[in-house]
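The values are calculated or read from the model by the stated rules, or taken from the named source; none is laboratory data. Only a predicted model underlies this, so the values are computations on that prediction, with no experimental measurement involved. Cβ coordinates were reconstructed from backbone atoms using ideal geometry, including for glycine residues, and neighbour counts include every protein chain displayed. For accessibility, only protein heavy atoms count, side chains too; no ligands or nucleic acids. Shrake-Rupley method; radii C 1.70, N 1.55, O 1.52, S 1.80 Å.
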Amino acid sequence: KKSIKEIIEGDINIELNKLSPKNYSDITHKILKNWITRYEGTQREEILSSTLDNLFTKAVTQPIYCPYYVLFLKIFIEQGIQLEDVIQSKCDKFKNILIQKKNNTDTNRVETVTDENYDDFCKNLKQKNFKLGYSQFVGELYNNKLISVMVLLESLDIMIDNINSKIKQSENIAEDLKSEFIEDNIICLCKIIETLTQKFVVETYTEKLEIIQKQEGLPKRLVFSLMDTIESIA
C-alpha cells in the first residue's frame, strides 16, 4: 500500500527514465503540468524536492544524459520554479567533497585487486564515477548559465590547489603522483574543462595544467588526459 506521494514519485521517476535529446522538453513540461503545479504547500515542496534529488542522482550516474537533466532544471527555472538555492547547495557540496578528500588523503593505495580488497576496489570505483559525473554536472550547469563563472572557477582552483599542495608537501613524490588523491583531482579537473562549451573562460589555466602535466613520475594516462585537456583549450 503506497501513499499518494510515493505513487507520484514513482510516476515521475518513470518519466525521468525516458528523458532523451528528442523528448526532454516534452517530459519536463509534462511533469510540471501533471504533478508539480497541481499541488500546493508542503505536498508540492516534498514532490519537488524528491524530483530534484532523483534528477541529480541520475545526472551524476548517467553521464550521457547529464546535459538533458540540466536542461530539465533550466526549464523549471524558466517556468518560475525557484531552484537557485538547490543548485548552489549542489555546487557547495561538490567543493566540500574535494576539500574533505584533501583532508582525508590515504597515500597507501593498493594497486592489486585481491579477494580481500575487492569490495573496497568496487566502492572506490563507484566514488570515482560519482565524482566524474558530478564534475560534468557542474560543467553543464555553467554551459546553461545556471551558475556563475566564479562558482565554476572556484571548483577548478580547489582541485589545482589540492594537486599542488600534495606535490609540495610530499615526502615521496614518486608514490604520491600515483595516488588516488592526485588521480581523482586530475580527472575531475579535466572533466569539467572538457565539458565546457566556452573554453575561453579557462584559458588562464593552461600554464597551471602544463606544470602538473610535466611532473616527472605522473602516470602516463594522467599525462595524456592533461594533454588532451590543454589541447581542447587552445
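For the stretch 33-86, the Kirkwood estimate of hydrodynamic radius, built from reciprocal distances between every pair of different alpha carbons, is 11.8 Å.
The distance from the alpha carbon centre of the stretch 26-78 to that of the stretch 171-234 is 33 Å, rounded to a whole number. Gyration tensor over the Cα atoms of the stretch 127-234: the corresponding equivalent ellipsoid has semi-axes (square roots of 5 times the eigenvalues, largest first) of 23, 14, 12 Å.
Rounded to the nearest 20, the size of the Cβ-charge dipole of the stretch 1-90 about its Cα centre is 320 debye, with Lys and Arg at +1 and Asp and Glu at -1.
Of Y24, P63, L189, which is farthest along the charge dipole of the chain in the positive direction, counting Lys and Arg as +1 and Asp and Glu as -1 at C-beta? The residue sitting farthest along the positive end of the dipole is Y24. Across K74, K18, K214, K95, the residue with the most accessible area heads the list, and the full order at a 1.4 Å probe is K214, K18, K74, K95.
Work out how much length K220 to I7 would gain on full extension: take 0.36 nm times their residue separation and subtract the Cα-Cα distance, in nm to one decimal.
Numbers: separation 213, 0.36 × 213 = 76.68 nm, distance 4.97 nm.
Taking 0.36 nm per residue and subtracting the Cα distance, the gain is 71.7 nm.
P(r) for the chain, from all Cα pairs and a bin width of 5 Å, is 1, 6, 13, 16, 16, 14, 11, 9, 7, 4, 2, 1, 0 %, short bins first.
Mind checking the dipole of the chain: about its Cα centre, +1 per Lys or Arg Cβ, -1 per Asp or Glu Cβ, Debye to the nearest 20?
680 debye
Here the stretch 132-171 is treated with +1 on each Lys and Arg Cβ and -1 on each Asp and Glu Cβ, and its dipole about the Cα centre works out to around 40 debye.
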